[in-house]
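Please read the structure below before turning to the comments.
The values are calculated or read from the model by the stated rules, or taken from the named source; none is laboratory data. From a predicted model like this one, the values you see are computed outputs, not experimental measurements. Glycine also receives a Cβ, built like all others from the backbone with ideal geometry; neighbour counts cover every protein chain displayed.
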Amino acid sequence: MTGIALGRLRPALGAVALAFASRRAVALTLAGCAAVALTFAGCGGDSAGPAPTAPAPSPSATVSGTVTATVTGAPVPNASFSVGGQVVGGSGAGGAFGLDLPDGVHQVAISAPGFVERSTRLRAPATGVTLDLIPDAGPWTLDFYRELVRNGAGGGELEPLTRWDFEPTFYIDTRPEPTTGDEIPEETVAFVREAIRVTVPLLTDGRFTGEQVHATDDPPPDLTHGAVVLRWNAAEVADRAGNANAFAFQVGGPANVIVFRHLEETWAVHHEIGHVLGLYHPLGGHRRSHMWYSGELEPPHFTEWDIFHAQVLYARPSGNLDVDRDPPDFVLGGSQR
Ligand SMILES: [Zn+2]
């Protein structure tokens, strides 16, 4: 992953200037608070009448389970499963499916009317497999998804997802800010702790709790596997991120560091946690996003657009490729991650 490169994004409004310093760092500076009135295209999702019912899965099926809609969990009937271009089964009423497949791992394509086709791997035999497809309707917007989670703003190659596959552990560095010697007040630590506790479950759809948080004067080294270090260091921010308020070392996991310039700029924590969890800056100006306009949005800070697409991100393994291709080491029905 190359992160956000210099010049890939251009600030569209005077309210926000984006600053990019080191190769993989992402940073944001908010110079003011412009009110932006853009409406959220709400979830429609009307389905077109009752769907024909497919045959019930054969009792001899070696792989069985349910096809659901990503995020909502609604059942998806009429999904078609293909292996090597041959249809091997489908889902019936309630999304139930059963496939007769030889023992082993199979590359499977799953498609359904109104959903994004998914390519993944299934291990046979298996029962109780839940397989979700992204609804191509409602808040789902492919362009925004690509901008937010694949570094797609401003062109360039779309990147694999960099979400966390396990719960991160956050370490708030309580040592004094080194350039001023300012002590880190308890209320600042509490503010950061609360931002983590709210933002992590919100963006991961409850997969992670945001409760693995330590305030410590002995944090692990930068980019220790599984760790996210948060600290205040004005000189480090100036060196690596110009005039930004704060920056994250990279987008996503499985390790990261957030650096705030001064205590007064700790408000940027929600935005930087967004980066830590795998969110990039989307294009500005036409869709509301906390990953673009930071600061003027009230709690929970992230917009409906941000939350829905982040939750789609967390319904997929890291390494998932555009549009919806799971990586080869991800196998449903076997050792899932
Ligand atoms: Zn940012």
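Would you mention how many residues in region 223-243 are free of Cβ contacts under 8 Å to residues at least 40 places away in the same chain and among the aliphatic types (A, V, I, L, M)? Quick ask: steps written out before the conclusion?
Filtering region 223-243 down to residues free of Cβ contacts under 8 Å to residues at least 40 places away in the same chain leaves 223-225, 236, 238.
Among the residues that remain, those that are also among the aliphatic types (A, V, I, L, M) are: 223, 238.
Of the residues in region 223-243, 2 are free of Cβ contacts under 8 Å to residues at least 40 places away in the same chain and among the aliphatic types (A, V, I, L, M).
Among the numbered criteria (1) over 24 Å from PRO300 (Cα atoms); (2) surrounded by fewer than 19 Cβ atoms within 10 Å (Cβ to Cβ), which single criterion is violated by THR174?
(2) is the only condition that THR174 fails.
Whether any residue in region 229-239 is within 13 Å of the ligand (Cβ to nearest atom) and either outside the structural domain of GLY156 (by TED's automatic domain parsing) or modelled with pLDDT of 95 or more (or both) is what I want to check.
The answer is yes, given that some residue of region 229-239 is within 13 Å of the ligand (Cβ to nearest atom) and either outside the structural domain of GLY156 (by TED's automatic domain parsing) or modelled with pLDDT of 95 or more (or both).
If GLU187 satisfies every condition in (1) closer than 29 Å to TRP305 by Cβ; (2) out of contact with any strand residue (DSSP E or B) (no Cβ under 7 Å at 6 or more places or on another chain); (3) not hydroxyl-bearing (Ser, Thr, Tyr) but one, which is the exception?
(1)
Which pairs have Cβ atoms under 6 Å, sit 6 or more apart or on different chains, and link a residue in region 272-295 that is closer than 17 Å to GLN250 by Cα to one that is within 10 Å of the ligand (Cβ to nearest atom) and not in a loop (DSSP other than H, G, I, E, B)?
Pairs that qualify, where the first residue is closer than 17 Å to GLN250 by Cα and the partner is within 10 Å of the ligand (Cβ to nearest atom) and not in a loop (DSSP other than H, G, I, E, B), are GLU272/ALA246; GLU272/ALA248; HIS275/VAL26; HIS275/ALA248; VAL276/ALA248; MET291/GLY274.
Assess whether THR204 counts as being away from the ligand (no atom under 13 Å from the Cβ) and closer than 19 Å to ASP306 by Cβ.
Answer is yes for this residue.
Picking from GLU264, GLU304, which residue would you name as being surrounded by fewer than 17 Cβ atoms within 10 Å (Cβ to Cβ), without any contact (Cβ under 8 Å) to a residue 60 or more places away in the chain and not β-branched (Val, Ile, Thr)?
Exactly one residue qualifies, and that residue is GLU264.
Check every one of the strands (runs of 3 or more DSSP E) wholly within region 3-122 and list those with 3 or more residues that are at pLDDT below 95 and either within 16 Å of the ligand (Cβ to nearest atom) or under 30 Å from ASN233 (Cα atoms) (or both).
16-19, 26-30
Quick one: in region 278-293, of everything that is aliphatic (A, V, I, L, M) and within 12 Å of the ligand (Cβ to nearest atom), which residue is surrounded by the fewest Cβ atoms within 10 Å (Cβ to Cβ)?
MET291
Hey, among the residues in region 169-199 that are aliphatic (A, V, I, L, M) and without any contact (Cβ under 8 Å) to a residue 60 or more places away in the chain, which one's farthest from PRO221 (Cα to Cα)?
ALA190
To keep it simple, each residue is scored yes or no on (1) within 21 Å of PHE302 (Cβ to Cβ); (2) β-branched (Val, Ile, Thr).
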site: GLU186; (1), (2): no, no
site: VAL200; (1), (2): yes, yes
site: THR204; (1), (2): yes, yes
site: GLU211; (1), (2): yes, no
site: THR224; (1), (2): no, yes
site: GLU264; (1), (2): no, no
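Whether any residue in region 130-146 is closer than 30 Å to GLY94 by Cβ, in contact with a His (Cβ under 9 Å, 6 or more places away or on another chain) and either free of Cβ contacts under 8 Å to residues at least 40 places away in the same chain or in a helix (DSSP H, G or I) (or both) is what I want to check.
Taking every residue of region 130-146 in turn, at least one turns out to be closer than 30 Å to GLY94 by Cβ, in contact with a His (Cβ under 9 Å, 6 or more places away or on another chain) and either free of Cβ contacts under 8 Å to residues at least 40 places away in the same chain or in a helix (DSSP H, G or I) (or both).
Given the residues LEU161, LEU202, which is the only one that is assigned to a loop (DSSP other than H, G, I, E, B) and either at pLDDT 95 or above or under 21 Å from THR72 (Cβ atoms) (or both)?
Details: LEU202 fails: assigned to a loop (DSSP other than H, G, I, E, B).
LEU161 is the lone residue from the list that is assigned to a loop (DSSP other than H, G, I, E, B) and either at pLDDT 95 or above or under 21 Å from THR72 (Cβ atoms) (or both).
So, VAL251, is that one of a type in the set (Val, Ile, Thr), within 15 Å of the ligand (Cβ to nearest atom) and over 21 Å from the mean Cα position of the chain (by Cα) or not?
Taking the combined requirement at face value, the residue does not satisfy it.
Tell me which of these GLU265 doesn't satisfy, since it passes every other one: (1) within 15 Å of the ligand (Cβ to nearest atom); (2) over 20 Å from GLU177 (Cβ atoms); (3) not hydroxyl-bearing (Ser, Thr, Tyr).
In the conditions (1) within 15 Å of the ligand (Cβ to nearest atom); (2) over 20 Å from GLU177 (Cβ atoms); (3) not hydroxyl-bearing (Ser, Thr, Tyr), GLU265 misses (2) alone.
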